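Please treat every number below as a calculation from the coordinates, not as lab data. Just so it is clear, the model here is predicted, and its values are computed rather than measured. Ideal geometry is used to build each Cβ from the backbone, glycine not excepted, and the neighbour counts take in all protein chains shown.
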Amino acid sequence: MSYEMLVGLHVLDDQEYQKYRAAMKPILSSYGGAFGYDFRVSEVLLSQTEEEINRVFTINFSDAEQMDGFFTNPEYLIVKEKYFKDSVASVTIISSYQK
């Protein structure tokens, strides 16, 4: 079994967001995390939020505890502050589930 989230973002700066992805990937891997799917989307036909979405991806871990550990890791939080904060306007957790 694994734990997965389906996430929508409104990315404002693709270059800075790619720097975030590159910097966080080794930390993600250390928690057994990985991206499953990753899409840039140009048109959202139906949404349950007012936030704009132009990027959709899945991120998965072996369990919810590994995911929580990753998102609270001090090194990850530094990377997030440096690159993510100014490159992404909003985050929408579309779904999270056991797989």
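Structural remarks
- Among the lysines of the chain, pairs that are 8 or more positions apart or on different chains and have alpha carbons within less than 13 Å of each other number 4.
- Legend: calculated FRET efficiency, THR72 to LEU6, from the Cβ-Cβ distance at R0 = 22 Å, rounded to 0.05, equals 0.60.
- Distant-in-sequence amide contacts of SER62, defined by a placed amide H-H separation under 5 Å and a gap of 5 or more residues or a different chain, comprise TYR3.
- For SER90, the amide hydrogen comes within under 5 Å of the amide hydrogens of HIS10, counting only partners 5 or more places away or on other chains and with H modelled in the peptide plane.
- Diagonalising the gyration tensor over the Cα atoms of the chain and scaling each eigenvalue by 5 before taking the square root yields semi-axes of 21, 18, 11 Å, largest first.
- On full extension, the segment bounded by GLU51 and SER95 gains 14.3 nm, given 0.36 nm per residue less the C-alpha separation.
- Footprinting exposure proxy for LEU28, LEU46 (fewest neighbouring C-beta atoms within 10 Å first): LEU46, LEU28
- FRET E, pair LYS82, PHE39, Förster distance 22 Å, beta-carbon r, rounded to 0.05: 0.35
- ASN54 sits among other residues whose Cβ lies under 14 Å from its own Cβ, and their net charge, with Lys and Arg +1 and Asp and Glu -1, is -4.
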